[in-house]
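The block underneath contains the structure these notes are about, expressed in structure tokens.
Values quoted throughout were computed directly from the atomic coordinates according to the rules given, and no laboratory measurement underlies them. Nothing here was measured: the structure is a model prediction, and the numbers come from that model. Cβ: placed from backbone, ideal geometry, glycine included. Neighbour counts: every protein chain shown.
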Amino acid sequence: GKETGAPTIETGVISIAHRGAPFFAPEHTIPSYEIAAGLGADYIELDLQMTKDGVLVSIHDKTVGRTTGGQGEVASYTLKELKRLDAGHSFAGRERKRYAHVKIPTLEEVLERFGDSVNYYIEIKNPADNPGMEKALIDALKKFQLLHKKDKNGLPKVIIQSFSPSSLKSVQRMEPGLPLIRLFNEKDFASLTDDAIKELQTYASGVGLPYRSVTKKEIDRLHSYGLDVHVYTINDKKTMEQYIDYGVDGIFTDHIDQLLEILHMR
Ligand code: G3P
Ligand code: CA
């Protein structure tokens with residue numbers, strides 16, 4: 001928040017390509033991020049999990065089943081084993097043949113592919129189960145010289161998000177001054193007190209909320225504390241328009257093409 005020195009993300013509604021462009025290519029794969037970046041998303045969204053041998057990889061679920069047809073937890077696989085899985089297994093889009101046998105990417109592979117040509121909105125998933133995720137993430141961002149950089153529009157190159165406040169605080173301790181977004185599910189957001197918001201201001205630039213639990217009044221309340229409000233995951237244009245009018249600062253969407261069409265017309 002503004003009062004504590006946590007960085008504020010620039011104004012204007014930021015477009016966040018949730019899982020890349022998952023209707024065009026398998027979610028959380030390099031082709032999915034390529035399409036989202038090519039369409040002009042402000043951010044590509046990555047969900048990080050950690051392998052048994054300590055490598056950060058981009059996959060949403062804790063387990064590999066839904067997206068790859070494999071079995072068990074990501075954390076039970078070495079990177080080499082994980083690379084044998086097919087991240088295109090469950091993709092049902094038009095170009096499914098083209099993306100058959102695409103691999104789960106490591107964080108470093110994504111950073112290597114895109115460098116500073118895109119902005120990254122990175123989620124630390126299940127940090128309590130995988131100690132060391134924060135350090136590994138910071139180290140990778142340092143290696144690719146992406147920390148504390150802005151794009152030509154003044155947007156931070158990297159935003160870090162998590163449902164875990166302790167993980168975000170750990171990032172803040174290691175690398176002060178990064179924009180951090182605290183995610184909430186509906187239940188936790190519903191019980192958020194003013195005191196809890198004040199505590200949140202000590203480390204977060206804003207919040208990421210399920211859009212259905214957000215009213216215009218709530219957005220105004222969070223803004224009055226200097227917090228940015230990003231909402232997930234809106235997949236139709238009418239609802240996108242509605243939340244832009246409410247004053248949200250960012251929208252996560254699986255349909256980045258649709259959100260960009262709206263934003264370009266405004
Ligand atoms: O990161 C925002 C939103 O993606 C949180 O939900 O489950 O899609 O990662 P999830
Ligand atoms: Ca996410």
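Roughly how many debye, to the nearest 20, is the charge dipole of the chain about its Cα centre, given +1 on each Lys and Arg Cβ, -1 on each Asp and Glu Cβ, and no other charges? The calculated dipole for the chain is roughly 440 debye. Determine the shape class of region 218-266: with a ≥ b ≥ c the square roots of the Cα gyration tensor eigenvalues, call it rounded for a/c under 1.5, and otherwise prolate if a/b is greater than b/c, oblate otherwise. Prolate. Restricted to Cα atoms, region 81-142 shows a radius of gyration and a Dmax of 14.4, 39 angstrom.
Rounded to the nearest 5, what is the percent of antiparallel bridges among the DSSP beta bridges in the chain? Could the numbers behind the result be given before it?
Values: 6 of 35 bridges.
Antiparallel bridges: around 15 percent, rounded to the nearest 5.
The residues Lys149, Lys157, Lys187, when put in order of fewest to most other Cβ atoms within 10 Å, stand as Lys187, Lys149, Lys157.
Taking every alpha-carbon pair in the chain and binning the separations at 5 Å intervals from zero gives 1, 6, 14, 17, 20, 18, 13, 8, 3, 1, 0 percent. 3J(HN,Hα) along region 108-113: 5, 4, 5, 5, 5, 5 Hz, from the Karplus curve 6.51 cos²θ - 1.76 cosθ + 1.60 with θ = phi - 60°, whole Hz, x for Gly and Pro. Straight Cα distances below 19 angstrom link Lys143 to the lysines Lys135, Lys157, with same-chain residues fewer than 8 positions distant left out. Relative contact order for the chain: 23 percent, from Cα pairs under 8 Å spaced at least 6 residues apart, divided by residue count.
Rounded, prolate or oblate, given the Cα gyration tensor of region 1-86, with a/c below 1.5 counting as rounded? Here region 1-86 falls in the oblate category.
May I ask for the equivalent-ellipsoid semi-axes of region 7-50, computed as the square root of five times each C-alpha gyration tensor eigenvalue and listed largest first in whole Å?
One finds semi-axes of 20, 14, 7 Å for region 7-50.
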